[in-house]
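Q: Got a structure here, written out as structure tokens. Questions coming.
The values are calculated or read from the model by the stated rules, or taken from the named source; none is laboratory data. Owing to the predicted nature of the structure, the values given are computational and were not obtained by experimental measurement. A quick note on method: Cβ atoms are made from the backbone with ideal geometry, for glycine too, and the neighbour counts reach across all protein chains shown. Ligands, DNA and RNA are stripped out before the accessible areas are found, and what is left, the full protein with its side chains, is counted by its heavy atoms. Shrake-Rupley method; radii C 1.70, N 1.55, O 1.52, S 1.80 Å.
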Amino acid sequence: MLKQLNVFKVINKSLNICIRSRSSSGSYENIFKGIPKTQYSELHSGLTVATEERNCPHVCFGFYIDAGSRHENDLENGLTHFFQHIAFKGTENRSKTNLEKEISSTGAKFKCFATRDITVYCGQCLAKHFCQAVDILYDCVFNNAFSCDELETQRTVIQEEMLKHDESTVNILYDYLHSSAFQGTQLGQTIMGTSNNLCKFQMPSVRNHVKKMFIPQRTVLAAVGGVTHDTMVNIGNKYFRKTKDPKCIFLGPCRYTGSEISYRDDSMPMGHVAIAVEGPPFFSKDKIFMDLAASYIGGWDTSQPGGTNHGTYTALMGSAGRNCESYKTFQFVYNDTSLWGAQFISPRIDLDDMLYIIQDTWMRLCDLITDGELIRPKSELKSKILMQNQSTEKACHDIGQHLLRTGNRPTIADRFREIDNITAKQLKKVCDKYIYDRCPVVVGIGSIECLYPYTNVRDAMRWLRV
């Protein structure tokens with residue numbers, strides 16, 4: 001681990017030298033020459049295997065599967081999440097007790113999570129226990145026992161998880177955002193599904209859904225750390241065989257609708273608001289531009305310095321006028337669309353002012369942004385990319401997501417050059433395409449009496465151009 005951290009200390013030091021001396025982007029090859037390249041292969045079974053070998057004693061690995069709530073119909077919504085709760089409760093080869101003992105003996109840590117279109121089962125272990133840990137994870141995910149004894153127990157656990165999920169205003173805000181923006185489509189469904197569906201789930205339906213979705217053609221096996229690519233390929237060939245005629249999964253229409261959801265509750269001390277527009281999909285060349293635009297807007301909360309000398313326009317206006325308690329940008333990116341926007345928390349009487357500030361910043365991106373103003377957000381975006389690749393876990397997730405969505409993962413040097421080549425004129429053009437005069441989706445929860453009506457919000461999505 002120390003060797004790994006030392007590598008990135010050298011990288012950060014070299015990057016600072018490069019920025020201060022205004023070196024050309026061509027020097028990035030020299031800066032990042034010590035970083036191992038990502039190797040990937042597509043096996044005969046259809047499985048994609050990816051490896052980034054590092055000089056460290058541990059490995060992070062995972063199965064990245066093209067499955068989620070977006071791939072479920074109304075009656076299936078929640079099945080993928082339900083399987084996460086029974087995945088480590090026993091397999092056809094290992095009882096629940098033996099499984100727990102074997103996991104404990106290896107010292108490996110396993111976890112799983114899902115978005116609306118990707119499901120991840122991953123683990124971390126010492127390199128010497130890697131083969132055994134992969135065998136355990138494969139057995140849990142692809143050879144599960146689907147024990148009926150766990151059905152009612154996990155049903156109760158998920159019910160409690162749903163209640164806890166709904167206690168978070170941010171979780172509700174983003175669920176409302178999707179259900180409003182993608183209303184009438186499968187992308188608008190929640191990840192955990194409905195409580196009505198949960199009460200009706202039976203093990204045969206869970207088994208059938210998993211067998212349909214968890215196939216090698218929809219899976220990426222990625223690993224970062226002390227493991228070779230040849231070892232990964234051998235593991236992929238050992239465990240996976242080509243399935244016959246995989247069923248075509250119907251995703252339903254991809255339809256964005258500018259709209260509004262308001263849930264007023266004056267007992268809450270603050271108003272929570274999110275505003276977003278439809279952004280580019282993951283594979284689009286415009287994505288890096290919108291990443292930079294989000295970095296320009298940034299984020300701020302009351303624990304940070306604020307005032308008239310703040311370097312970020314939105315934070316300056318929000319903090320100097322005390323118009324918000326916090327704000328941040330967000331992006332929910334999918335294979336064919338995305339939601340790009342900002343979320344903020346403000347006192348009731350300041351909601352309209354803070355919403356105006358955010359929309360005013362958006363219009364500045366479309367019309368007034370200069371090359372000088374892009375220096376800071378470019379540096380921040382580069383730092384974010386480095387942070388995503390510093391630890392084995394984050395790097396593994398980055399590899400799995402890129403390969404599953406696009407089949408390729410650009411190097412850090414390629415990403416940095418792409419950022420350097422962005423000009424203010426190009427950014428204005430892309431922001432004009434996705435932001436200017438577009439219908440936003442707006443969600444408000446809490447003390448939102450002073451939130452602008454949707455017609456006013458829509459009018460503020462354009463300036464009078466002369």
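Q: Name the one entry in Thr257, Thr219, Thr231, Thr312 that is at pLDDT below 95 and either touching a Lys or Arg at 6+ places or on another chain (Cβ under 9 Å) or not hydrophobic (A, V, I, L, M, F, W, C) (or both).
A: Thr312
Q: Condition (residue is farther than 15 Å from Arg94 by Cβ and of a type outside the set (S, T, N, Q)) applied to the stretch 133-147: is it met by at least one residue?
A: Within the stretch 133-147, not a single residue is farther than 15 Å from Arg94 by Cβ and of a type outside the set (S, T, N, Q).
Q: Return the residues of the stretch 295-311 that are surrounded by fewer than 22 Cβ atoms within 10 Å (Cβ to Cβ) and in contact (Cβ under 8 Å) with a residue 24 or more places away in the chain; say none if nothing qualifies.
A: Gly298, Gly299, Asp301, Thr302, Gly311
Q: Would you mind finding the one in Val224, Val210 that is touching a helix residue (DSSP H, G or I) at 6+ places or on another chain (Cβ under 8 Å), surrounded by 21 or more Cβ atoms within 10 Å (Cβ to Cβ) and part of a helix (DSSP H, G or I)?
A: Within the list Val224, Val210, the selection yields Val210.
Q: Return the only residue of Asp291, Asp286, Asp301 being of a type in the set (D, E, K, R) and at pLDDT below 95.
A: Asp301
Q: In the stretch 392-413, how many residues are surrounded by 18 or more Cβ atoms within 10 Å (Cβ to Cβ) and free of Cβ contacts under 8 Å to residues at least 40 places away in the same chain?
A: 2
Q: Going by the conditions given, is Ser383 assigned to a helix (DSSP H, G or I), crowded, with 18+ Cβ neighbours inside 10 Å, at pLDDT below 95 and not hydrophobic (A, V, I, L, M, F, W, C)?
A: no
Q: A further question follows. Return a yes/no flag: does the stretch 443-450 have any residue that is over 27 Å from the mean Cα position of the chain (by Cα), over 20 Å from Phe289 (Cβ atoms), of a type in the set (D, E, K, R) and modelled with pLDDT of 95 or more.
A: no
Q: Might you check whether a residue that is in contact (Cβ under 8 Å) with a residue 60 or more places away in the chain and buried (at least 17 other Cβ atoms within 10 Å of the Cβ) occurs anywhere in the stretch 93-104?
A: No, because not a single residue in the stretch 93-104 is in contact (Cβ under 8 Å) with a residue 60 or more places away in the chain and buried (at least 17 other Cβ atoms within 10 Å of the Cβ).
Q: Oh, and also: Could you go through the stretch 169-191 and let me know if any residue there is in a helix (DSSP H, G or I), of a type in the set (D, E, K, R) and over 23 Å from Asp74 (Cβ atoms).
A: Within the stretch 169-191, none of the residues are in a helix (DSSP H, G or I), of a type in the set (D, E, K, R) and over 23 Å from Asp74 (Cβ atoms).
Q: Search the stretch 416-447 for residues being open to solvent by less than 20 Å² (accessible area, probe 1.4 Å) and in a helix (DSSP H, G or I), and hand back the single one that is farthest from Phe63 (Cα to Cα).
A: Per the stated criteria, the residue is Ala424.
Q: Can you pull out every residue in the stretch 157-168 that is open to solvent by 70 Å² or more (accessible area, probe 1.4 Å) and assigned to a helix (DSSP H, G or I)?
A: Gln159, Glu160, Leu163, Lys164
Q: Out of the residues in the stretch 320-329 that are hydroxyl-bearing (Ser, Thr, Tyr) and either under 16 Å from Met270 (Cα atoms) or in contact with a Cys (Cβ under 6 Å, 6 or more places away or on another chain) (or both), which is least open to solvent (accessible area, probe 1.4 Å)?
A: Applying the filter and picking the extreme gives Tyr327.
Q: How about the stretch 155-171: which of its residues are closer than 30 Å to Ser346 by Cβ and in contact (Cβ under 8 Å) with a residue 12 or more places away in the chain?
A: Listed by number, the residues that qualify are Glu161, Met162, His165, Thr169, Val170.
Q: What pairs come out if I take residues in the stretch 136-151 that are in a helix (DSSP H, G or I) and pair them with residues that are among the charged types (D, E, K, R) whose C-beta lies under 7 Å away, six or more apart or interchain?
A: Between residues of the stretch 136-151 that are in a helix (DSSP H, G or I) and residues that are among the charged types (D, E, K, R), the close pairs are Ile136/Glu102; Asp139/Arg94; Glu150/Lys89.
Q: Six or more apart or on different chains, Cβ under 7 Å: which pairs go from a residue in the stretch 173-201 that's on the phi > 0 side of the Ramachandran plot to one that's open to solvent by 10 Å² or more (accessible area, probe 1.4 Å) and part of a helix (DSSP H, G or I)? Could you list them?
A: Short answer, once both residue conditions are applied: Gly193/His81.
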